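Let me begin by presenting the structure, written as structure tokens, before commenting on it.
The values are calculated or read from the model by the stated rules, or taken from the named source; none is laboratory data. Everything quoted here is computed from the prediction, not taken from an experiment. No Cβ is skipped: glycine too gets one built from the backbone with ideal geometry, and neighbour counts run over all protein chains shown.
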Amino acid sequence: MKRALITGITGQDGSYLAEFLLARPDYEVHGLVRRSSSLNRQRIDHLFAIDPSVHDRLHLHYADLADASSLAMVMEKVRPSEVYNLGAQSHVRVSFDQPLYTADVVGSGTLRLLEAVRHLNQSQPVRFYQASSSEMFGSAPPPQDLNTPFHPRSPYACAKLYGHWQTINYREAYGMFACSGVLFNHESPRRGESFVTRKVTLGATRIKEGLQKKLVMGNLDSKRDWGFAGDYVRAMWMMLQAETPDDYVVATGETHSVRELLELAFSLVDLDYHDYVEFDPRYTRPSEVDVLLGDPTKAREALGWRPEVDFRGLITMMVEHDLEQARRERFASTYRKS
Ligand code: NAP
Ligand code: G4F
């Protein structure tokens with residue numbers, strides 16, 4: 001049995017990664033969860049239905065990236081062979097409101113986890129994956145790959161860059177099997193509701209079903225290289241199965257503007273976004289990343305990784321999911337009123 005430890009298992013990527021690993025009978029999965037006053041397990045509840053063995057192969061542990069002692073205790077208790085560091089305050093706009101908290105969890109949190117892994121690595125081999133981000137490229141002109149100089153444009157991106165370099169330094173200094181995956185934006189029906197793709201697919205479908213009248217947005221001109229989260233967690237796993245540790249860019253190699261995203265999502269429900277979208281500066285950022293476009297050649301050639309879902313397929317998948325959800329909500333409210 002391989003034993004994987006995932007920080008951020010309750011998030012979008014953590015849930016897809018856990019699902020991917022549990023589909024393989026040779027994996028036991030351990031996830032870190034944070035204590036909160038209300039349970040936040042919607043993205044992983046369904047995993048227990050994969051097959052009866054999951055009840056013995058999926059385990060959750062309370063810990064926090066801000067708390068070094070909790071990380072050391074879980075590491076010692078679980079003794080994983082693979083560690084995936086996906087936990088983060090991952091919202092770029094929010095990082096401007098909470099820069100110190102973001103730096104602590106995203107930057108120092110990675111270092112705390114690396115220290116716990118280094119300690120365990122002295123008695124057994126441990127492979128480490130760091131969830132780095134294309135935000136680190138910031139204002140560097142596209143296309144971006146690992147030879148592109150970083151120019152971060154938010155507290156979140158600066159903190160991710162710190163975690164990226166710490167990961168590389170632990171590999172070089174201690175010979176650890178540590179990889180940094182520089183992943184471009186990836187989305188899914190499980191994407192948090194305040195990220196732009198999900199905000200748009202939820203907005204378009206709720207407007208279609210009469211549950212919402214307008215959609216208030218920020219900068220429509222920025223461009224992103226959007227892929228499907230299910231494809232991207234496969235790349236994370238592939239990095240840790242390689243013979244030698246290395247860093248990779250994971251992207252589709254295509255970029256689209258927020259405006260194109262609006263056009264597509266609204267057209268899928270036969271609406272014109274111009275009739276519903278309004279601007280509010282509250283959704284802009286003090287410094288913006290204008291264009292992200294990744295070059296995934298290295299991941300394709302060295303790992304054999306390729307994305308299976310394209311931009312249109314991704315937004316269609318999200319719109320279909322959210323339309324079904326909006327219909328259920330409309331039906332429930334009509335039923336309550338009758
Ligand atoms: P997400 O949906 O926001 O999930 C973040 C996860 O981190 C959640 O499980 C959250 O737990 C957990 N977390 C937050 N603060 C924590 C703390 N102090 N200690 C432990 N866990 C904590 O993010 P995602 O989209 O899955 O992204 C996964 C990782 O990839 C993140 O590191 C993100 O920054 C990075 N990344 C994402 C993208 C992308 O486009 N999705 C691209 C590049 C890199 P709760 O459920 O309790 O809040
Ligand atoms: O969906 P977003 O919030 O994602 P962003 O900032 O690119 O960050 C995401 O991808 C990173 C990888 O590059 C991850 F590391 C990070 O954790 C996160 O997952 O915004 C995308 C674009 C931005 O240019 C933003 O200004 O959409 C623009 N936008 C326009 N109106 C909006 C809105 N973004 C949000 N969240 N909400 C709006 O109303």
Task: Per-region count, the stretch 132-159, residues among the hydroxyl-bearing types (Ser, Thr, Tyr), within 10 Å of ligand 2 (Cβ to nearest atom) and not in a helix (DSSP H, G or I) - done: 3
Open item on the list: Filter the stretch 89-123 down to the residues that are farther than 18 Å from His30 by Cβ, within 14 Å of ligand 1 (Cβ to nearest atom) and among the hydrophobic types (A, V, I, L, M, F, W, C) and list them by number.
Closed with: Val92, Val94, Leu100, Ala103, Val105, Val106, Leu111
- [ ] Please give the number of the condition Leu262 fails out of (1) exposed (fewer than 15 other Cβ atoms within 10 Å of the Cβ); (2) in a helix (DSSP H, G or I); (3) not small (Gly, Ala, Ser).
- [x] (1)
TODO: Please find, within the stretch 6-33, the residue that is surrounded by the most Cβ atoms within 10 Å (Cβ to Cβ) out of those that are more than 16 Å from ligand 2 (Cβ to nearest atom) and of a type in the set (Phe, Trp, Tyr).
DONE: Tyr27
Open item on the list: For the list (1) in a helix (DSSP H, G or I); (2) under 16 Å from His186 (Cα atoms); (3) away from ligand 1 (no atom under 13 Å from the Cβ); (4) acidic (Asp, Glu), I need the number of the one condition that Asp231 fails.
Closed with: (3)
Task: Scope the stretch 189-228; condition within 16 Å of ligand 1 (Cβ to nearest atom) and part of a loop (DSSP other than H, G, I, E, B); matching residues - done: Pro189, Arg190, Arg191, Gly192, Glu193, Ser194, Phe195, Ser222, Asp225, Trp226
Open item on the list: Step by step: first the residues of the stretch 73-112, then only those that are away from ligand 2 (no atom under 16 Å from the Cβ) and under 12 Å from Leu32 (Cα atoms), then the one that is nearest to the chain's Cα centre (by Cα). Which residue is that?
Closed with: Val83
- [ ] All but one of (1) in contact with a Ser or Thr (Cβ under 9 Å, 6 or more places away or on another chain); (2) away from ligand 2 (no atom under 15 Å from the Cβ) hold for Asp231, so report the exception by its number.
- [x] (2)
Task: Conditions (1) more than 29 Å from Arg153 (Cβ to Cβ); (2) in a loop (DSSP other than H, G, I, E, B); (3) not charged (D, E, K, R): number failed by His55 - done: (2)
- [ ] Within the stretch 242-254, identify whether any single residue is of a type in the set (S, T, N, Q), at pLDDT 95 or above, in contact with a strand residue (DSSP E or B) (Cβ under 7 Å, 6 or more places away or on another chain) and buried (at least 20 other Cβ atoms within 10 Å of the Cβ), and answer yes or no.
- [x] yes
Task: the stretch 89-102: number of residues that are touching a Ser or Thr at 6+ places or on another chain (Cβ under 8 Å) and surrounded by 22 or more Cβ atoms within 10 Å (Cβ to Cβ) - done: 2
Open item on the list: Exactly one condition in (1) over 30 Å from Met176 (Cβ atoms); (2) outside any helix (DSSP H, G or I); (3) polar (S, T, N, Q) is false for Thr244; which is it?
Closed with: (1)
Task: Evaluation of Gln42 against (1) crowded, with 18+ Cβ neighbours inside 10 Å; (2) not in a strand (DSSP E or B) (one fails), failing number - done: (1)
- [ ] Please state which one of Lys223, Lys213 is touching a residue at least 24 places away in the same chain (Cβ under 8 Å) and away from ligand 2 (no atom under 14 Å from the Cβ).
- [x] Lys213
Task: Criterion (surrounded by fewer than 21 Cβ atoms within 10 Å (Cβ to Cβ) and in a loop (DSSP other than H, G, I, E, B)) met by exactly one of Ser69, Ser36 - done: Ser36
